1. Report the one residue of B:467, A:356, A:141 whose Cα lies farthest in the direction of the positive end of the charge dipole of the protein assembly as shown (charges on C-beta: Lys and Arg +1, Asp and Glu -1; origin at the Cα centre).
2. Of the listed pairs A:18/B:19; B:45/B:706; A:131/B:27; B:166/B:577; A:21/B:27, which have alpha-carbon separations greater than 26 Å here?
3. What shape does region A:302-409 take by its C-alpha gyration tensor, where a ≥ b ≥ c are the square roots of the eigenvalues and a/c under 1.5 counts as rounded, a/b above b/c as prolate, and the rest as oblate?
4. Determine the calculated [θ] at 222 nm for the protein assembly as shown from helices alone, applying -39500 (n - 2.57) to every DSSP H run no shorter than 4 residues and normalising by the residue count; nearest 500 deg cm²/dmol.
5. Can you pull the one-decimal nm distance between simple spin-label points at residue B:736 and residue B:756, each 7 Å off the Cα toward Cβ?
6. At a Cα cut-off below 19 Å, give the aspartates and glutamates reachable from residue B:711, other chains included and same-chain residues fewer than 8 away excluded.
7. According to the Cα gyration tensor, what semi-axes, each the square root of 5 times an eigenvalue, does the equivalent ellipsoid of region A:190-247 have, listed from largest to smallest in whole Å?
8. Greater than 27 Å separation of Cα atoms is the criterion. Which listed pairs, A:319/A:374; B:35/B:139; B:384/B:425; B:373/B:491; A:36/B:78; A:435/B:284, meet it?
Amino acid sequence: MIHSLFLLDAAGDVFLEKHWKSPLSRSLCDYYLEAKSSAFSQSGRDAAGKGDQGTTTGGGADTQAVGAAQRLVPPVLATPHHFLVSAERGRVALVAAVREEVSPLFVIEFLHRVADTFQDYFGEVSDTVLKDQVVLVYELLEEMLDNGFPLATESNILHELIRPPTVLRSVVNAVTGSTNVGETLPSGQLSNVPWRRAGVRYSNNEAYFDVIEEIEAIIDTTGSAVAAEIQGVIDACVKLSGMPDLTLSFLNPRLLDDVSFHPCVRYKRWDAERVLSFVPPDGTFRLLSYHVGSQNLVAIPISVRHSLTWGTPGGAQGKLELGLAPRHTLGKVLEAVSMTMPMPQQVSTASLTPSQGTASLDPVSKVLTWEVGKINPQKPPSLRGSISLSPGSLPPDGNPTLSLAFRVPQLAISGLKVTRLDLYGEKYKPFKGVKYVSKAGRFHVRI
Amino acid sequence: MTDSKYFTTTKKGEIFELKAELNSEKKEKKKEAVKKVIASMTVGKDVSALFPDVVNCMQTDNLELKKLVYLYLMNYAKSQPDMAIMAVNTFVKDCEDSNPLIRALAVRTMGCIRVARIAEYACEPLRRCLRDEDPYVRKTAAVCVAKLHDLSPSLVLEQGFLDSLKELLSDSNPMVVSNAVAALCEIAESCESDSEPLLELTPALVNKLLTALNECNEWGQIFLLDCLANYNPADAREAQSVCERVSPRLAHANPAVVLSAVKVLLGFANRLEDQETLETLLKKLAPPLVTLLASEPELQYVALRNINLIVQRRPSILRQEMRVFFVRYNDPIYVKLEKLDIMVRLASPANISQVLAELREYAAEVDVDFVRKAVCAIGRCAIKVEQCAERCISLLLDLMQSKVSYVLQEAVVVIKDIFRKYPSKYESILSVLCDSLESLDEPESRASMLWIIGENAERVENATEILTAFLEGFHDEMPQVQLQLLSAIVKLFLKKPAETQTLVQQVLSLATQDSDNPDLRDRGYIYWRLLSTDPAAARDVVLAEKPIISEECDMLERSLLDSLISQISTLSSIYHKPPHAFLEGVRAPGVTAAAARGEIGGIGSDTPQLSTPAEPPVAAPPASLLGDLLNLDVCPTPASTTIVQPLGMLNLMGTDLLGGGPNLLPAPQPIPVPSGALADLFDLGGGAIPAITSPKMVWLTALKGKGLEVKGTFSRRQGSPCMELSLSNHAMAPLAGFALQLNHNSFGLAPTCPLSLSAPLLPGQCQEVNLPLATGGMVMQTEPLTALQVAIKNNIDVFYFGCTIPLHVLFIEDAKMDPISFNAAWTELSAETEVHYQLQISLPDGAASKLATGGVFLSSKQQEGGAVGVPGMEVLRVCSHLISGVWILAEIRGQPGIPPVMMVVRTHVPKLAPLAFHSYETLLCSY
C-alpha cells in the first residue's frame, strides 16, 4: 500500500513529506522530477520541431511546452526499488511511493481525495496555503491513512476529527484554549451510513439538485459528428435535518444505463425500480455521474461554418472565416461561448474582425481565442479576416483543430428529466429544486 | 493565524529556544512549541535532539497536543530507541482509556514506532485491542498486526496474532472485516511461500466477505474485491452467484472499486458454463470501462492499459465502443498511443472505414511519434482485416505522396509487413515504392525496401541496377541494411542467375572478407557454401515459403495474458508483465514455463512491434538452426580468448525455464541440411577430443571477493592443462586490472600467459577466461599433491583461494607403452608400492576409450578364463605419464554388467596412487 507521500511545489521542491512506514529519502522524488523535465524537453523539442520549418519564435515553444509538460509525466513511474504514483492539482504535485503490488487507480484516486480534502479545508490547493497550514495538513494525512490503508476520507468524518480552520475558531481557541481536534469518536465512522453525521439541524430544510451535462464531441470537416457522447452528473446540495431518506424519480430513467453512484444510493432499488433512493450526506456532494454514449441521443447544439486558406509564406495572405449558429437548442440560449484554436507556429499575424465579442491571436503561443458571449439566434456571430505566415517558412501541413466552450442553461441535452423528489423518515416539508445545464466538455471541431 | 510563523528562525540557537518553550509551564505555549517542532520536522529538519522534551509533553489530556507528540514519536523513535521506551507506559495506559478514539490512537501509533523492543511491549495492549468492544479500535488493531509483522514476523507468529486476525474475518462489523483482509493480504505478500496459505478462501468465508462488501466503505471494498479475485469457485453455479453479488460494484463512483470488480468478474467469467449468462455478464462490463475514460488523464492511462488487456482477451466487450477511443488532439501522448493500439485491436470489417478515416486524420498531426504510430497502425489494420488491405495500401500510398520524410519511412516499413501477409498480391505498387527509394534514409526503411526488392526480384525490372547502386555504398550502411542487401542479392541471383553472377560474388566477398560484423560474415559464409555446393538446395532454403504473419504477432501470449487478466487493476496490468518480473521480493507463483517465456520476449518493449518481424536469415526452421549455431561454442576455443556473456541471461535460462519444464528448451536437433554442406560448416572446430572436464565450482564467493565471484575448473586443451575461469561481477562498480598467480606447487605449474580480460568487467557481467598452464615454475610439495593456491588481483584487492587440480588433466597424451615394457615396468615397481582399490560399479563398455580421453592408455587387454580366473572377467593394463615425468601403472579387472571393478595401482610416488585412482574413477564413470 502507500509507503510515503511527498508534496512538491511548482519548482520541484519537496515541502512536505509523510511516511507511514520506514522513512524514505526525499531524493526519490528526483525520479519524478527527471521524468517531468524529460517530458518537458521532449515537448519542447516537438514544439521546436514544428517551428523549425518556419522561423521559430523561441519563447513560444517554451510556454506551450510548460502547459503540455504538466500532464506528460506518466502517472506511474518505476524506480529501482519503488514505484512513484503521482497526481497534480493546481501547481502542487502529490507523489506517492509504493513498494508492493497495488492498484494504481486506488493510489491515484486516493491522491485526488487528499487534494479534495485540502480544497475542502483550505479553499484552494497551493503550496503557500499548505505551507501555512503545515501542521493541520500533517494531522489530516495521519487521519486519512494508516499503514498505507485509507482510514477516513469522508469529509464529514474528517470534519469531526479535525475542525477546518476559520478565523473565528482560531480566535475562540486562543481565548478558551480549546483545540481544533475533535475529542470523541466521529459518530458516522462505523455506522452503515458513514457519509452522514447524526444530529444535523437546519431551520430551513432544503434540497437542490443540479443536472449538469457535458457534451464531448469530435466534429469532422464536413460538420458531422465523428464521436459524440454526454458525461452527465447530478450534484446535490442537501441541507436537511435528521436522517432524511430521499427518493428521486426520473421521467426517462432508461437513458441512464451507464451510471456511477455515490455510495449512499441503494443499488438494489435502482436495479429493480429505476429510482434513486438514498440517505444523503450533509452538504454538497455528487449523487451520480452518468454517461450517454449512443450517438443518436446526443444533439449537437451548435454548428460551425468554416473556411481556411493559408496563403503563401511572406506573400499572399490567407483567409479565415468562421461562423457559429445554434441548433437543436429547443429555444434555449447559448451562453458563454468561446473558441480557441492553436495555430501552427508559422503564422505570424492575423487581422480578424468578429461580428461580436473579441478575438485575438497570442503572438507567443499562437493560440487564437475568440470570446463570443451570448448567441442571438437572429444574428449568428461570425469571425473573418486574414492571416499571414512568416516569410521563409513552409506552408503548414495540416489544419488546426478548434475547441469550443459554451453553456446552455435550463437544458439537459440528453433529455433527462427529474419528475419528483420524495422525503421519508422526517416530518418537515423541504424546499426543493432541480436545475439543468448543458456545457461543452472536450468539444473539438476539425477544420 | 497561520503555521508559517513556525518556520521563522531567530539568531539564537533555535533548538535551544524550542527546548525552553517545551518545558514551559503554560499549556498553550507548550502546544505552540510542539507545533513548531512538527513544522520543522515536515520540511526535513532534524529536530531529534528535542526528543526527551517532546516526550515529556505526552502526558496530557489535551488530545491535539497528544496527537502532535505522537506524530513526533513516529518519526524519531527509531533513531532514539532508548528514549522511546520512556513513552511505552503512556501508550499502555492510553490503550485502556475509556475513550475509544484514544485507545485507537494509541494502538495505531504504537504500531508505527519501528523499534523492536517497543514491539514486545506492544503485544499485550494489542491483544486487548483486538478484542475491544468498539469496532473502531478493533479495525485499527487489525492494521497494527500488519505493521508489527513488517517489523518482526516471528513475534507476530509467536504471539498468535495471525489467528486473532483470522477471527476478525467473522467480525460483525464490515469495516473490521475489510481491514483484517487487507492486513492478512499484506502479510501474505511478504511471507515465505513454503508456509501454508495464510488466507484460505472457503465458500463460507467468501460468503462473509461478500456480505461485508455491501456495507463497508469504498477502500474496504477494494481490499475485499482484490481478495475475492483469488478465489477459485467450486462450480459454475457458485461462480455465477458471486458474479451476481459483485456486479453492483460496477456502478460505484470510485474507479478503483470499478476496476477491481471488473477483475473479479473477468476471472469468474472463465468459470461460467452457460453461454447466455456469460454474455449478459460481459455486456455489463462495457459501460463502466467506457466511463473510466471520462476521468483525469492519469486515470485514463491506467484504464487504457487495462482495457488493452481486456480487449485482447475478450474483444466482444468493447466491440461497439470504438468511438470512445478516438484520439483528441490535446490528449497527452501516452494516452494517444494507448488509444491507437486499442483502436487497431478493435478493428473489424464492420468499423474499419471509421478507423481508417481517423487514422488518416492522425497521420496529418504534428507530433512525430504519434504520426509514425498512426501510419504503422494503418499497416496493422491491413494485416488484421483482410477485406480492407487494399484500401489501407492506397491510403498508405496517398500518405507517401505527402513526401513528409518520417511518414514515408514508416509507410515502407509497414508495407513490407503487408507484403509478408499477402505475398504477390499487391505487386502493382512495386514501381511506386521504387520511385521513393531516394528519400529513404533510415536504416529500418532501407532494410525493409531491400527485403521487398529481394522478395520480388523477378518483378522489379531494374532490381539489378538498384541493388548494384546499393552495393556501391555497402560500407556506409548500417549492419541491418547490409544483412538485407546480402540476402536480397542472393535472392536476386537465384531468380536471375545469368546476369548477376558478378554482383553476387562481389557481395559475398564484401560480406565475408571486408566485414567485421560476425553476423554478416556468418550469413555470407552460409550463402557461399550453399551456393557453391548445391544451388538447387540453396534455392530450396533461401526462397522457401515464409511463415505468414498474422495479427496474433502483436498479441500477448495467451497464458501470460490470462495471468495478467487476473492482475487487472494492479501495477502488472500497466507494465503488462507478471508481478515477479519487476517487483522486488515477489516470488513467481507457480508460473508455467510458457508464461516465463512470454516474459522474456516482453522485456525489451512492452508493446510488441509488428513492424520488425524477426526474419530468419535462412529459411530453415530458425530454432534448430540457432541451436546448432550456438553449439559451435562447445569446440575448444583458442587459449586466452574471452567470451562475454550477460549474467542475467544465464540466470534466466537456468532457473526460469528449466524450473518450469525442461522439455521446453529448444532441443538440439539434427541440422536440417539438404546436402552435407552445412554440416561441414558447422563442424569447424571438430577433430580434437574433448577432455573430461568437471563442471565449474565456485572457488571464490562474491562475499569474500568483494563482489568478484570466481568459478573454475581444469581441463586439458591442446596438449597442456588449462584453467577455465568464469569471473563474474556482483559488485556495483566495474572491475579491472586483473592478474593471477599460482603459489609454488607440487608440479611446478604456472600460467603461460597473463590473465587478461578484453574489457573491464561491468557490474552484472560474466566473462570466461581460459588460462593455459605449464610446468616450469617452482616446485614445492603440497598436501595433497594436487592442491593449488591461487591469488587473483583486481583494482579492488588481492584475493586468495585454494583448489585442487584433477590428476588426469596432468597426464601427457602420448603415454603409450607396449605390453612388454609395461610388464617390465610393472615388475620393476615392486609389489610394496601396490595399492588396491575397489569400485562399486560394473566395467563400462568402451572403458579403454573412456580412459584414453583422460590420457590413460591401454597397454594390453586380456580375457580371463579357464581355470585361473573368473570367466568373463576382463583385465585392462593401463598406464599414464604425468607431466612431471612420473609413470603410473594400473591393472583394472572387471566384468561388464557385474560390479565391482578391482583396481591395482603401482607408482614410484605412493602419494599419487589415491589421486590417480580418483582420476581413473572419474574417467570410468564419465558420461
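None of the figures in this text is laboratory data; all of them are computed from the coordinates on show. Everything numeric here is computed off the predicted structure, so don't read it as measured data. Note: ideal-geometry Cβ built from the backbone for every residue, glycine included; neighbour counts use all protein chains shown.
1. Result: A:356.
2. Details: A:18/B:19 24 Å; B:45/B:706 36 Å; A:131/B:27 24 Å; B:166/B:577 32 Å; A:21/B:27 31 Å.
From A:18/B:19; B:45/B:706; A:131/B:27; B:166/B:577; A:21/B:27, over 26 Å: B:45/B:706; B:166/B:577; A:21/B:27.
3. Numbers: a/c = 2.51, a/b = 2.34, b/c = 1.07.
Cα axes put region A:302-409 in the prolate bin.
4. Numbers: 46 runs with 545 residues, N = 1374.
One gets -12500 deg cm²/dmol as the mean residue ellipticity at 222 nm.
5. Rounded to a tenth, the inter-label distance reads 1.5 nm.
6. B:633, B:724, B:768, B:797
7. Working: eigenvalues 335, 35, 9 Å².
After scaling each eigenvalue by five and taking roots: 41, 13, 7 Å.
8. Numbers: A:319/A:374 25 Å; B:35/B:139 29 Å; B:384/B:425 16 Å; B:373/B:491 31 Å; A:36/B:78 33 Å; A:435/B:284 30 Å.
In this structure, B:35/B:139; B:373/B:491; A:36/B:78; A:435/B:284 exceed 27 Å between Cα atoms.
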